[in-house]
Structure formats: C-alpha cells, structure tokens
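A.B. asks: Here you go, one structure.
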Amino acid sequence: MTPADIDKLLLEAAGRSVSQEPDASAIGSAKAAIPQSLEPVRPLAPLRFFVSLFIVLFVGVAAGGAAVLGMYGFPALSWTERIVICCVLLVTAGIAAVATAREMSPAGGHRIAASAFVLAALILAIAFAALFHDYDASRFIAEGVPCLNAGLLFALPAALVIGLLLRRGLVLDWRAAGIAAGTLAGLSGIGVLEIHCPILKAPHVMFWHLAVVLVSGVAGFFIGWAAQKLRRS
C-alpha cells in the first residue's frame, strides 16, 4: 500500500464520519448564544490616569488622617528625616500604584504586585533602620497597638476606594490585585502614622508602623483569593 492509498482511505473515513446534514439544534444553540444587540463599551482610561489617581488617594488619606489625629510626629522629625521619609513613602506608593493599575487591564504591562509588596516593606525597613537609632523597647506593646490600630483604621477606607476603582477595569487575578491594593492602602496608613506619631524609637517604628503595610498586603491577598473563588464558583 502506497502513501497515496493511505491518504485516500483516511479522507474517505473522515467523509463518512462527518454528517452531511447540519444539526438543527446545534444551529439554534449557536444563534441563541449570539447577543441580539451589541453596544459599545467605554474604553478604560490610560494607565497613567489610574496611577495618578491612586497617588492622589494615598496623599489625601495620609494628610487627612494625620489632620484628624493630630500632626505631632512631623514636627518631631529633623529636616533630613522628613525629606527621606516623604521620598521613601512617595516612591513606594508610586510602585504600589503602578502595580495596582496594571492589574486592571490584561494588557497593562508586567505584573509586579508581589514585588511591590516586598519592595515596599524592604525599602521602609531600611529607611527606618537608617534614620532611627533609639532602641528603647519600654512600653513597646502599650505604645505600639494604638499606632497599628490607627494605621489600619485609615488603610481601610483607602482599600475600599481602591477596590471600587479596580472594579472599573478587567481584573484577571484578584489575588495579585488584592496584594497590590493592600500594599497601597497600608502605605496610606503608614503615611498617617509618620505625620501623626511622635514616637521615634526604632523598635516601635520598624515593627508597629511597618506592620500596617504587612497586614494590609496579606489581608488584600486573602480577600482577593476569596473574591477569585466566588467568581469561579
């Protein structure tokens, strides 16, 4: 048997296996799946628009929260400490804002949600260790818990607003979006504390202030994970 004979047999078998008459029920199902009317959707705003919006939100929550609680921490800092902390917070918030905005569009660019979380925690820890050298750990819990609560209190409304903005896009991975949004919300809470809190002890700042972004980022991941499961169920 030649290769041409084999090709002929295969073609004949394929012809016999395919029905020549179209399936009326299959055609009906296909027609039913086609929408009767198609309406144009509003295009998503550019990435830079949402990045700018997230940064404005970060600044607004940090300044507004500190105004509510009282601006006792900023006057206690030296000019060098003020400049370094402001620059570090703006840089990390910018990274988190980009990471969050990229999760809103499938073509939003390389996903950096987890990297933004790690970088924010690492950069803040290094900055705090370099700036604060008073390692007095007295009243560690008594002074720390109120700061953690205050930071998370203002991170929560920031997270809610970020979540509403995320819903305007097409989020494919809510776990990544959650950790990015949680990081940005936590940085807003830290911003409040850096302006409000006058306690400049290294253990206090490096643990309790930094814990705000760590707790917010982890919480954002699990909230996103739960949202992802609900959408798939």
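A.B. asks: Considering Cα pairs under 8 angstrom that are at least six residues apart, work out the relative contact order of the stretch 47-232 and quote it in whole percent.
C.D. replies: Working: 302 pairs, mean separation 62.2, N = 186.
Relative contact order of the stretch 47-232: 33 percent.
A.B. asks: Roughly what would the spin-label model give for R232 and L156, points 7 Å off Cα along C-beta, in nm?
C.D. replies: It works out to 3.0 nm between the two label points.
A.B. asks: Only Lys, Arg, Asp and Glu count, each charged at its Cβ (+1, +1, -1, -1), so figure out the dipole size of the stretch 47-232 about its Cα centre, rounded to 20 debye. Intermediate results must be reported in sequence, preceding the final value.
C.D. replies: Numbers: 12 positive and 7 negative charges, 169 e Å.
Result for the stretch 47-232 is approximately 820 debye, rounded to the nearest 20.
A.B. asks: May I pose another question? Over what distance in Å are the Cα centres of the stretch 195-228 and the stretch 124-143 separated?
C.D. replies: With the stretch 195-228 and the stretch 124-143 each reduced to a Cα centre, they are spaced 15 Å.
A.B. asks: Hand me the chymotrypsin sites (Phe, Trp or Tyr not before Pro) from the stretch 94-177 located in a DSSP loop with no more than 14 other Cβ atoms within 10 Å, in residue order please. Display every interim value, and only then the final one.
C.D. replies: On the way: sites: F117, F128, F132, Y135, F140, F154, W174; in loops: F132, Y135.
Counting only loop positions with at most 14 other Cβ atoms within 10 Å, the chymotrypsin sites (Phe, Trp or Tyr not before Pro) in the stretch 94-177 are Y135.
A.B. asks: Separate question: Taking the dipole about the Cα centre of the stretch 56-168, with the C-beta of Lys and Arg at +1 and of Asp and Glu at -1, give me whichever of M71, I126, V59 is farthest to the positive side.
C.D. replies: V59
A.B. asks: Would you mind computing, in nm to one decimal, how far apart the modelled labels at I141 and L44 are, each placed 7 Å from Cα along Cα→Cβ?
C.D. replies: So the two model labels end up 4.5 nm from each other.
Read-outs throughout are calculated quantities, based only on the coordinates presented, and are distinct from any laboratory measurement. Since the structure is predicted, the reported quantities are computational estimates derived from the model, not experimental observations. All Cβ positions, even for glycine, are placed from backbone atoms using ideal geometry, and neighbour counts span all protein chains on display.
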